[in-house]
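The values are calculated or read from the model by the stated rules, or taken from the named source; none is laboratory data. None of the values given here were measured: they were computed from a predicted structure. Here Cβ is always computed from backbone atoms with ideal geometry, including for glycine, and neighbour counts include all displayed protein chains.
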Amino acid sequence: MIEFTKMEGLGNDYIYVNTDRFPIPNPAEAAIRWSRPHTGIGSDGLILVSRSEVADFRMRIFNADGSEAMMCGNGSRCVGRFVYEQGLTDRTAITLETLSGIKHITGIDHPEAVTVDMGEPLLQNREQVSTPTGDLTGIELQVNGQPWRGTYVCMGNPHVVFFCEDLGKVKLEEIGPLIECHPLFPQRTNVEFVQVLSASDTSVLRMRVWERGSGITQACGTGACATATAAFITERASRHSIIRMDGGDLDITLRKTDNHILMTGPATTVFQGRIESIRN
């Protein structure tokens with residue numbers, strides 16, 4: 001039997017397993033089966049936690065469709081809480097190895113406000129965007145016969161951020177998967193639609209997300225970081241933003257000294273349990 005902990009960051013919920021104690025030989029299949037809401041545990045995916053040779057801990061992320069993700073902001077906060085609650089560390093700050101580099105996590109003794117240094121966002125990446133410049137400058141995406149202009153941001157994983165005047169009119173369940181799988185994005189992409197809630201207070205941004213490999217989720221940490229970055233570079237917001245998602249708010253700061261993004265938000269344990277391992 002595999003012991004697991006289900007955790008959530010603003011409703012973005014994953015299954016967490018300490019693979020030093022409970023190895024999972026086929027995590028993609030486990031993620032698919034265990035993420036099912038009616039016949040499994042129910043989650044946005046599976047996160048494997050282990051010791052690392054280059055950092056304090058290592059995180060591997062598998063989406064609900066079995067694909068492996070490079071980074072998960074909400075997941076990284078929850079990993080910080082997971083290792084602290086499990087007694088794997090008594091320190092309040094750790095380093096975490098991910099496929100998008102080593103992240104620094106602080107405040108893991110405070111479940112309501114864990115902070116992750118997400119590093120510096122990239123605005124060009126020809127591996128993720130099939131344009132000569134590796135971004136979407138001057139590009140209109142044709143989706144369902146409609147033109148869309150978005151801002152590309154790489155947080156390790158790809159994001160395209162679209163600003164709109166009325167988020168309530170965006171049919172995310174229809175347009176999200178079409179943009180995710182658009183030919184311009186060879187690795188597929190995460191999709192965010194964003195509304196600046198008030199002209200007098202541009203620090204609060206309302207965002208909804210379609211996550212690559214998972215669909216609509218309650219929140220996305222890397223998506224919140226991408227949203228704050230896109231709002232800043234398009235002069236819609238300052239270096240500090242509150243990103244308001246279906247699951248709640250994240251506090252995002254673009255640090256002026258090095259352009260690193262600091263993401264602060266909650267990390268909550270939902271329940272713990274045991275489940276049979278997936279056999280080959």
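Before moving on, here are some points about what is shown:
- The sole residue among GLU112, GLU180 that is over 15 Å from ASP56 (Cβ atoms), in the same structural domain as GLY45 (by TED's automatic domain parsing) and among the acidic types (Asp, Glu) is GLU112.
- In segment 232-260, residue farthest from ASP65 (Cα to Cα) [restricted to those that are of a type in the set (A, V, I, L, M), touching a residue at least 40 places away in the same chain (Cβ under 8 Å) and in contact with a strand residue (DSSP E or B) (Cβ under 6 Å, 6 or more places away or on another chain)]: LEU250
- Figure legend. Inter-residue proximity from segment 107-122: first residues surrounded by 18 or more Cβ atoms within 10 Å (Cβ to Cβ), second residues aromatic (Phe, Trp, Tyr), beta-carbon distance below 6 Å, spacing 6+ or different chains. Indicated pairs: ILE108/TYR84.
- Subset of segment 216-236 (residues that are touching a Leu at 6+ places or on another chain (Cβ under 7 Å) and of a type in the set (S, T, N, Q)): GLN218, THR227, THR229
- Checked against the criterion of being under 19 Å from the mean Cα position of the chain (by Cα), assigned by TED's automatic domain parsing to the domain that holds THR115, under 18 Å from ILE108 (Cβ atoms) and of a type in the set (Lys, Arg), the candidates ARG58, ARG91, ARG51 yield just one match: ARG58.
- Close contacts from segment 72-92, counting a first residue that is surrounded by fewer than 17 Cβ atoms within 10 Å (Cβ to Cβ) and a second that is not acidic (Asp, Glu), with Cβ to Cβ under 6 Å and a gap of 6+ residues or different chains, come to THR89/VAL83; THR92/ILE108.
- Residue count for segment 1-53, restricted to those that are closer than 18 Å to GLY73 by Cβ and in contact with a helix residue (DSSP H, G or I) (Cβ under 8 Å, 6 or more places away or on another chain): 15
- Among the residues of segment 1-42, those that are of a type in the set (Lys, Arg) and within 30 Å of THR264 (Cβ to Cβ) comprise LYS6, ARG21.
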